[in-house]
């Protein structure tokens, strides 16, 4: 299971002064706040816009190490990002502090691997869920959830309950469908849940002991 990358992000502490936010943004910095385990109240600071946008451009889960001028650092995840309604530039970001003993709720992308025999035969792959909200200790979280579809035939679907996750709790109904191999246009097929336990476990262990998603 591939672990999230740890990205170092230089941070500058700031006073809470709404009048200064405009100047901060002119310096190409984005106002930020962090809260969570080990943080007293809310800590306000700023981060470089370009570095933040590089982090936002990646789909997989990432851990952020916020470093400050006084030498301290805080491990965190991105929680909420606000964007300008016209330019789509980030204007504010929330971080959540991590503690290895405290479970955290995150949304992890689902990536499909393999080629479905059903698709080769003319079936159509439809993925209805591309992200999954989960709860787990930081050390148990994967960067992404990988679903292997190499055994799926026409009419097969995968649900949240089909997939195996170790020490990770999905925050979604186990009945929710992740994907389905539909018949060719004009064709018919009975939709059944894929239950090849061995195949499902192998696909899950390949990179994240797979999982269903939350759109």
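Since every read-out is calculated from the coordinates, none of them should be taken as a lab result. Nothing here was measured: the structure is a model prediction, and the numbers come from that model. No Cβ is skipped: glycine too gets one built from the backbone with ideal geometry, and neighbour counts run over all protein chains shown.
Exposure proxy check: 89, 30 ranked by fewest other beta carbons within 10 Å?
In order of increasing Cβ crowding within 10 Å: 89, 30.
Neighbour counts of other C-beta atoms within 10 Å: give me 94, 148, 88 arranged from fewest to most.
Listed from fewest to most nearby Cβ atoms, that is 88, 94, 148.
What distance in nm separates the two pseudo spin-label positions at residue 126 and residue 5, each 7 Å out from Cα along the beta-carbon direction?
Here the answer is 3.5 nm between the modelled labels.
Label residue 84 and residue 185 with points 7 Å out from Cα along Cα→Cβ: what is the distance between them in nm?
In this crude label model, residue 84 to residue 185 measures out at 4.2 nm.
Pop the C-beta distance of residue 57 and residue 192 into the FRET formula with R0 = 41 Å and round what comes out to the nearest 0.05.
It comes to 0.60.
With a ≥ b ≥ c the root eigenvalues of the C-alpha gyration tensor of the stretch 56-107, is it rounded (a/c under 1.5), prolate (a/b larger than b/c) or oblate?
Oblate is the answer for the stretch 56-107, as a/c is 1.5 or above yet b/c matches or exceeds a/b.
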